[in-house]
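Following: one structure in structure tokens, then a few remarks.
The values are calculated or read from the model by the stated rules, or taken from the named source; none is laboratory data. Predicted, not measured: the structure shown is a model, and the values here were computed from it. Please note: Cβ atoms are built from the backbone with ideal geometry, for glycine as well, and neighbour counts cover all protein chains shown. The protein model used for the area step is the full one, side chains on, heavy atoms only, and it has no ligands, DNA or RNA in it. Shrake-Rupley method; radii C 1.70, N 1.55, O 1.52, S 1.80 Å.
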Amino acid sequence: MLSPARILIIDDEPDVLTAARLLLKRHFADIRTGDDPSLLPELVRRNAFDVLLLDMNFAVGAGSGTEGLQWLTQIVALDPDAVVVLITAHADVELAVQAMKQGAADFVVKPWENNRLVATLSAAANLRRSRIEANELRQRHRALAATLSGPRPGSELIGASPSMLRLFELIGRAAPTEANVLVLGENGTGKELVARELHRLSQRAGEPFIHVDLGAIPAALFESELFGHKRGAFTDAKEDRIGRFRAAAGGTLFLDEIGNVPLHLQSKLLAALERREIVPVGGDRPISVDVRLIAATNLSNSQLSDATIFRQDLFYRINTVEISLPALRDRADDIPLLVEHFIGLYARKYNMPKKRVAAAALDALVASNWPGNVRALRHAVERAMILTPGATLDAGDFGLVAETPVAEGHLALGSVERDTIRRALEKHGGNISHAARALGLTRPALYRRMEKHGL
């Protein structure tokens with residue numbers, strides 16, 4: 001069986017190239033040859049060679065090996081993981097050893113023994129694989145560390161209402177399987193928490209959980225972020241990058257706000273999921289990926305069923321199991337539990353005593369519509385814990401009633417801003433990214449205004 005390794009041979013002697021090609025094509029799947037070393041930089045940038053077999057002398061009568069060393073230096077600068085095997089004459093062995101100190105992997109002596117050349121290149125190809133795997137492992141660790149050190153939800157899934165008990169049961173059934181899961185729900189209902197719980201209870205719990213906010217990725221960077229890229233694939237691609245699919249290898253890939261992906265990019269995502277393989281930007285060979293997919297969106301089922309918004313073949317691919325999260329207003333009985341949890345959370349976080357909630361305030365919290373759902377409730381409790389000097393929290397401390405008179409002009413302006421934001425959210429089906437873009441705001445800025453107006 002042929003090794004899948006790609007070999008590039010550069011030598012200025014046609015007989016050497018012919019002999020090497022005839023021998024090596026019986027052992028390796030892809031053999032390329034060339035007699036001009038000046039093409040090396042472009043060849044290395046545009047191709048993923050596993051091994052470069054490089055002569056040390058090219059100029060007529062040259063024997064110092066300095067040309068080979070110069071090209072070796074350029075190759076290693078372009079690709080630090082490159083594996084270069086040098087071809088040398090008997091007199092150049094000492095020089096070849098010196099070259100190995102500068103980054104060469106090995107050397108072969110002219111005239112070579114066929115078995116030794118094949119063995120040397122096989123070992124070099126294994127070295128290349130090991131370097132790539134080590135590099136991928138480092139990138140996976142960085143991606144995982146970034147996920148763990150980034151913003152984390154302030155709570156676990158909490159609730160005792162009938163809708164939450166049904167949710168827990170569905171998570172328990174779906175988690176141990178390999179089924180793709182689509183999580184639906186309004187903004188702030190806890191879709192990421194559900195995804196993390198599915199991962200925690202799955203067979204992949206010991207592997208990475210990689211969260212990708214698709215709403216925050218520009219279309220131009222979509223493929224690079226998800227599928228990775230090769231060095232030199234575009235202007236800023238200064239090194240190979242594995243992308244989120246490979247960072248999640250063996251674990252769970254959580255694609256948040258999947259409803260934001262433009263139609264022309266949905267086809268690329270579908271192809272990756274169907275084939276279970278990706279092609280990095282600038283690469284020419286597919287790479288197998290093993291991930292458990294969880295996707296989430298605030299689009300409704302009817303919106304996802306609209307082919308002008310979402311590809312139906314992708315929709316069917318991602319929703320083997322569909323989990324819908326209830327809005328907080330539909331499980332108001334859980335609000336006292338959530339408030340108590342958040343008070344304890346922020347008392348610990350800010351090293352302060354726990355505060356009690358006045359009965360009237362708790363009634364007001366339960367009666368509130370909470371358009372921002374659990375996220376808005378959590379922010380309201382955090383703000384109240386920080387800003388309220390006393391030991392008891394009243395309704396005003398949660399921003400539910402005005403504590404001081406506000407000028408009529410300010411009330412009118414606030415009302416206009418609130419209505420404008422509400423209309424934008426309604427127009428875009430609750431999609432924060434789209435509404436923020438329409439309003440000329442960033443997502444964080446829109447979230448702040450939504451919190452300010454209780455939306």
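For segment 405-416, the criterion of being modelled with pLDDT of 75 or more, surrounded by 11 or more Cβ atoms within 10 Å (Cβ to Cβ), within 17 Å of residue 369 (Cβ to Cβ) and of a type outside the set (Lys, Arg) is met by no residue. Looking at segment 337-356, which of its residues are surrounded by 14 or more Cβ atoms within 10 Å (Cβ to Cβ) and in a helix (DSSP H, G or I)? Of everything in segment 337-356, those that are surrounded by 14 or more Cβ atoms within 10 Å (Cβ to Cβ) and in a helix (DSSP H, G or I) turn out to be 337, 338, 339, 340, 341, 342, 343, 345, 346, 347.
If the condition is being closer than 18 Å to residue 295 by Cα and open to solvent by 60 Å² or more (accessible area, probe 1.4 Å), then segment 219-230 contributes only 223.
Within segment 266-278, is there a residue that is buried (at least 21 other Cβ atoms within 10 Å of the Cβ), more than 22 Å from residue 204 (Cα to Cα) and not aliphatic (A, V, I, L, M)? Looking for residues that are buried (at least 21 other Cβ atoms within 10 Å of the Cβ), more than 22 Å from residue 204 (Cα to Cα) and not aliphatic (A, V, I, L, M), one finds none in segment 266-278, hence no.
Any residue in segment 299-311 that is within 17 Å of residue 194 (Cβ to Cβ), modelled with pLDDT of 95 or more and aliphatic (A, V, I, L, M)? The answer is no; no qualifying residue exists. Going by the structure shown, is residue 292 among the basic types (Lys, Arg), buried (at least 20 other Cβ atoms within 10 Å of the Cβ) and out of contact with any Leu (no Cβ under 8 Å at 6 or more places or on another chain)? Against the criterion (among the basic types (Lys, Arg), buried (at least 20 other Cβ atoms within 10 Å of the Cβ) and out of contact with any Leu (no Cβ under 8 Å at 6 or more places or on another chain)), residue 292 does not qualify. What residue, among those in segment 298-320 that are aliphatic (A, V, I, L, M) and open to solvent by less than 30 Å² (accessible area, probe 1.4 Å), is nearest to residue 371 (Cα to Cα)? Top of the filtered list is 299. Scanning segment 361-398 for residues that are part of a helix (DSSP H, G or I), open to solvent by less than 10 Å² (accessible area, probe 1.4 Å) and more than 13 Å from residue 330 (Cα to Cα) yields 361, 365, 377, 380, 381, 384, 385, 398.
Each row is one residue, and each column tells you yes or no for (1) within 26 Å of residue 299 (Cβ to Cβ); (2) touching a residue at least 60 places away in the same chain (Cβ under 8 Å); (3) among the small types (Gly, Ala, Ser).
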residue: 207; (1), (2), (3): no, no, no
residue: 216; (1), (2), (3): yes, yes, yes
residue: 219; (1), (2), (3): yes, no, yes
residue: 230; (1), (2), (3): no, yes, no
residue: 235; (1), (2), (3): no, no, no
residue: 246; (1), (2), (3): no, yes, no
residue: 259; (1), (2), (3): yes, yes, yes
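With respect to the conditions (1) more than 27 Å from residue 135 (Cβ to Cβ); (2) in contact with a strand residue (DSSP E or B) (Cβ under 9 Å, 6 or more places away or on another chain); (3) open to solvent by 30 Å² or more (accessible area, probe 1.4 Å); (4) among the small types (Gly, Ala, Ser), residue 233 lacks only one, and its number is (1).
Residue by residue, here is whether (1) open to solvent by 70 Å² or more (accessible area, probe 1.4 Å); (2) over 29 Å from residue 234 (Cβ atoms); (3) in contact with a strand residue (DSSP E or B) (Cβ under 7 Å, 6 or more places away or on another chain) holds:
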site: 3; (1), (2), (3): no, yes, yes
site: 13; (1), (2), (3): yes, yes, no
site: 22; (1), (2), (3): yes, yes, no
site: 31; (1), (2), (3): no, no, yes
site: 42; (1), (2), (3): yes, no, no
site: 57; (1), (2), (3): no, yes, no
site: 81; (1), (2), (3): no, no, no
site: 101; (1), (2), (3): yes, yes, no
site: 111; (1), (2), (3): yes, yes, no
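From the list 287, 278, 294, exactly one residue is within 27 Å of residue 428 (Cα to Cα) and of a type outside the set (Phe, Trp, Tyr). Which is it? On inspection, the qualifying residue turns out to be 294. If you check 279, 289, 321 for being in contact with a Ser or Thr (Cβ under 9 Å, 6 or more places away or on another chain) and either of a type in the set (A, V, I, L, M, F, W, C) or more than 23 Å from residue 225 (Cα to Cα) (or both), only one passes: 321. Within segment 107-125, residues that are more than 20 Å from residue 49 (Cα to Cα) sit with their Cβ atoms under 8 Å from residues that are open to solvent by 60 Å² or more (accessible area, probe 1.4 Å), at 6+ positions apart or across chains, in these pairs: 109/90; 110/90.
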